[in-house]
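Report on the following structure.
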Amino acid sequence: MDSFLFYFKEGLFHVLDWNAYDHILFLVVLTVPYLISNWKKLFTLVTVFTIGHTLTLAMSAYGVIRVNSSLVEILIPVTILITALYNIFTAGKKNRNQKIGIHIFAALFFGLIHGLGFSTYFKMMTASTDSKLLPLLEYTLGIESAQIIIVLVVLIVSFIGQSIFRFSLRDWVMVISSIVIGVAIPVFQSALSNINF
């Protein structure tokens, strides 16, 4: 039980760490186009994102892939920027939420990239353990729980913004996605300046 709580909390607070807010930014732009009534689609996307995340964590932990952390630090803000720009260009379009296949593929692919961002930390945590499977599942459960918390907060804030302050969904998506772009660009620029191939 102590082991479960340790890895669960590490996964939970690794996502909810305000000093490493890139994961939060991605979840914000992933969630903001959806209404509470679309929760099934949204939670499917988040779970697929977690699956991708877990796959790269597992491959890294077992030495199947090696990670160039400088490249990953660039790719993570790129996933945020792509998702935010997609939101802006598709905001208010009726067929946007019908393209679930493209969204699922993108969530899986971007999950693979974000998982690489956590892989070095996870490898350090599990370096002294023989079996990495159980810690991986416990850590992943913490990550998924943190992501659900963030998604619920974004859905509630979106509901308040649209029902009390009367933002249209289109305007809300464009404003929030633009703010996220404004935050993600300096992260990308910083990662680019620190690149080390």
At the level of C-alpha centres, the distance separating the range 57-72 and the range 153-197, in angstrom, is 28
Can you send over the carbon and sulfur percentage of the accessible area for the chain, probe radius 1.4 Å, protein chains only? 70
In degrees, nearest ten, helix 39-61 long axis to first principal axis of the chain (Cα): 30
Normalised by the number of residues in the chain, what is the relative contact order in percent for Cα pairs under 8 Å and 6+ residues apart? 44
Give the residue from GLN189, TYR139, ASN68 lying farthest towards the positive end of the charge dipole for the chain; charges sit on Cβ (+1 for Lys and Arg, -1 for Asp and Glu) and the dipole is referred to the Cα centre. GLN189
Relative contact order %, the range 58-120, counting alpha carbon pairs below 8 Å whose residues are six or more apart: 63
Roughly speaking, what is the stretch gain from SER163 to ARG66, that is 0.36 nm per residue apart minus the C-alpha to C-alpha distance, in nm to one decimal? 30.2 nm
C-alpha long axis of helix 69-90 to longest principal axis of the chain, angle in °: 20
Radius of gyration and maximum dimension Dmax of the chain, Cα, Å: 17.0, 55
Looking only at ASN87, ASN38, ASN95, which one moves most when the chain is put into a Gaussian network model with springs between Cα atoms under 10 Å? ASN95
Nearest-ten-degree value, helix 100-125 long axis tilted from longest Cα axis of the chain: 40
Diffing the range 134-144: the Karplus 3J(HN,Hα) column from phi (6.51, -1.76, 1.60, θ = phi - 60°), in whole Hz with x for Gly and Pro, holds 5, x, 4, 5, 5, 5, 4, 4, x, 5, 4
Rg ratio (alpha-carbon, reference 2.2 N^0.38 Å) - the range 1-98: 1.26
Would you mind calculating the gained length between SER178 and TYR121 on full extension (0.36 nm times residue separation, minus the Cα-Cα distance), in nm to one decimal? 17.5 nm
With +1 at each Lys and Arg Cβ and -1 at each Asp and Glu Cβ, the charge dipole magnitude of the range 50-178 around its Cα centre, to the nearest 20 debye, comes out at 520
Per residue accessible area of the range 84-197, 1.4 Å probe, in Å²: 56
Lys/Arg Cβ at +1, Asp/Glu Cβ at -1, dipole of the chain taken about the Cα centre: which of PHE165, MET124, PHE26 is farthest positive-ward? PHE165
Among the listed pairs LYS40/LYS94; LYS40/LYS93; LYS40/LYS132, those beyond 29 Å (Cα-Cα): LYS40/LYS132
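The values are calculated or read from the model by the stated rules, or taken from the named source; none is laboratory data. Note that the structure is predicted; figures quoted are calculated from it, not measured. No Cβ is skipped: glycine too gets one built from the backbone with ideal geometry, and neighbour counts run over all protein chains shown. Note: areas computed on protein heavy atoms with side chains; ligands, DNA, RNA excluded. Shrake-Rupley method; radii C 1.70, N 1.55, O 1.52, S 1.80 Å.
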